[in-house]
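Engineer: Before anything else, here's the structure in question.
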Amino acid sequence: PLGSTKVKQRDSNSNTYKLKMIALGCRLYAEKNQSNFPAGLDELIKGGHVESNEILICVNKEDSSREKFIYCPGLNEKSPEGFILAAAPRSENGGREVVYVDGHAATIKGDEFQKAVKEQNWKSPSSQ
């Protein structure tokens, strides 16, 4: 039915879906690169590991702005599964959408995100 197509389109445009696709793309990349994830998200496009540039773009639900997801380079398949792999560039409604090394996505509070990026030594400005 037509309704199910709309649900699929909405799901494939959601930030959570996109983050999961980024994690999957990183795993596919790692299969050919000694278990290492890419140095940057653009490598997922170049290698054909995600279907389009649109996967790398986070759409803010509050103001409809579009920004690239932020990413933690230097991780690999052996990194702790609780490490954040990629995230929305800004918080929304007090939470930030993230995807972990093991591929699961979640929305976490801003202070949890800041603590995690500090522990992981992200090169991420504190305003993010």
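Engineer: Scan region 85-103 for residues that are at pLDDT 95 or above and either open to solvent by 60 Å² or more (accessible area, probe 1.4 Å) or farther than 20 Å from Tyr17 by Cα (or both) and jot them down.
Structural biologist: Answer for region 85-103, where residues must be at pLDDT 95 or above and either open to solvent by 60 Å² or more (accessible area, probe 1.4 Å) or farther than 20 Å from Tyr17 by Cα (or both): just Asp102.
Results for (1) more than 20 Å from Lys118 (Cα to Cα); (2) open to solvent by less than 50 Å² (accessible area, probe 1.4 Å); (3) of a type in the set (Phe, Trp, Tyr), shown as yes or no for each residue.
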site	(1), (2), (3)
Lys32	yes, no, no
Glu51	yes, no, no
Ile55	yes, yes, no
Asn60	yes, yes, no
Glu67	yes, no, no
Phe83	no, no, yes
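Engineer: If Ala106 passes every condition in (1) touching a residue at least 12 places away in the same chain (Cβ under 8 Å); (2) open to solvent by 20 Å² or more (accessible area, probe 1.4 Å); (3) hydrophobic (A, V, I, L, M, F, W, C) but one, which one does it miss?
Structural biologist: (1)
The values are calculated or read from the model by the stated rules, or taken from the named source; none is laboratory data. Here the structure is a predicted model, which means the values were calculated and not measured. Ideal geometry is used to build each Cβ from the backbone, glycine not excepted, and the neighbour counts take in all protein chains shown. Side chains are part of the model used for accessible areas, which takes the heavy atoms of the whole protein and leaves out ligands, DNA and RNA. Shrake-Rupley method; radii C 1.70, N 1.55, O 1.52, S 1.80 Å.
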